[in-house]
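The values are calculated or read from the model by the stated rules, or taken from the named source; none is laboratory data. All values reported here derive from a predicted model rather than from experimental measurement. Cβ atoms come from the backbone with ideal geometry, glycine included; neighbour counts cover every protein chain shown.
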Amino acid sequence: MDLNKLLQEKEQLLQKLSDPEFLSNSGNFENASRRLKELDDQIFLLKELNKIDKKIEEAQEILATATDNELLKLAEEEITKNEENKQKLLQKLAAQDKENNSQKIKGVILEIRPGTGGEEAALFAYDLLRMYEKYAQKNHWSTKIININTTNLGGLKEGTLEIDSADAYTNLKFEGGVHRVQRIPETEKSGRVHTSTATVAVLPQMESITIELKPEDIEETFYRSSGPGGQNVQKVETAVRLYHKPTGLIISCQSERYQKQNREKALEILKNQLWQIEQEKQLNQITKERRDQIGRAERAEKIRTYNFPQDRITDHRLKKSWHNINHILEGNLEEIIEEFKKEYPQS
């Protein structure tokens with residue numbers, strides 16, 4: 001580990017942190033601040049090591065030139081003590097370096113889409129998006145709608161929610177799959193119960209992803225951000241859609257004010273998904289993971305059923321049920337999530 005290189009990196013980070021354009025992206029500030037703390041810790045340890053090496057060198061010079069027995073004994077003790085201190089610092093430095101270089105989950109991406117059931121499925125998909133957003137807010141986790149596309153009646157065609165907390169993935173990783181709803185739609189005049197589905201994909205977001213993206217592999221499309229009902233809310237094309245040709249991954253982002261910021265966020269999400277593909281050593285792992293979670297969104301495929309006439313939610317993996325659906329849809333998922341933690345404590 002080179003002290004001069006670390007000092008140079010620190011100086012570059014401090015310059016970035018004084019750049020308003022760099023700071024306009026909150027993610028840049030958080031990542032740079034985190035890295036700055038890591039650098040300060042490493043720089044401190046390396047400076048302490050340099051001090052110890054200097055003390056050892058001075059004591060060795062005394063051993064080589066002194067003739068007084070008392071002075072020689074003190075020099076030997078000084079060398080022994082500082083060698084022990086040096087080993088402790090080297091162990092700390094190695095542990096810190098290992099921790100800094102390990103991949104950490106910093107948050108989670110939820111992708112929600114309607115399945116079978118037309119407009120009712122879209123409305124249910126929007127209910128799920130709102131439920132997860134409220135659950136995150138209750139836990140004081142930072143949330144951001146990365147992409148949303150709604151129907152004229154307020155349903156969800158597709159939505160991507162980013163939650164910036166490592167605890168979010170721990171708590172929500174079991175939410176991936178097909179969610180089924182049984183209820184009477186507001187437009188149903190005969191009072192008949194309809195069955196519809198929506199899909200949820202849960203993808204972890206990692207810190208410090210190093211993935212090389214080739215410009216020729218990415219097709220970029222820019223468009224105007226949309227609001228409720230699908231109408232455009234921007235007069236300029238600030239939203240970004242990335243198509244990664246080798247894998248077929250499509251990432252859309254319209255959460256930021258400027259096109260450049262949306263592009264950076266979309267690239268970050270793409271890198272996270274490509275990292276997972278690389279880790280699994282299968283080119284289509286993310287697509288497969290999403291497909292495993294989502295299935296074909298048929299009515300018979302489900303992980304959980306929301307039965308409104310009986311006011312009951314049933315998780316088919318746990319084989320357990322809860323009542324008061326509206327309360328749970330307001331983001332009160334604690335009971336369900338705690339049951340998963342008990343059932344799968346090591347997951």
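Among the residues of the stretch 251-285, those that are of a type in the set (A, V, I, L, M, F, W, C), outside any helix (DSSP H, G or I) and modelled with pLDDT of 70 or more comprise 251, 253. Selection of first residues in the stretch 67-81 that are assigned by TED's automatic domain parsing to the domain that holds residue 49 and of a type in the set (Val, Ile, Thr) and of second residues that are assigned to a helix (DSSP H, G or I) and surrounded by 10 or more Cβ atoms within 10 Å (Cβ to Cβ), restricted to Cβ pairs under 7 Å at least 6 apart or on distinct chains, gives the following pairs, ordered by first then second residue: 79/56; 79/59; 79/60.
Of the residues contained in the stretch 96-107, one or more are found to be of a type in the set (Lys, Arg), modelled with pLDDT under 85 and in contact with an Asp or Glu (Cβ under 8 Å, 6 or more places away or on another chain).
So which strands (runs of 3 or more DSSP E) are wholly in the stretch 114-221 and hold at least 3 residues that are aliphatic (A, V, I, L, M) and surrounded by 19 or more Cβ atoms within 10 Å (Cβ to Cβ)?
On the way: elements: 142-150, 156-164, 177-183, 194-206.
Answer list for the stretch 114-221: 156-164, 194-206.
Search the stretch 59-91 for residues being under 21 Å from residue 48 (Cβ atoms) and either of a type in the set (S, T, N, Q) or at pLDDT below 85 (or both), and hand back the single one that is nearest to the chain's Cα centre (by Cα). Of everything passing the filter in the stretch 59-91, 91 is nearest to the chain's Cα centre (by Cα).
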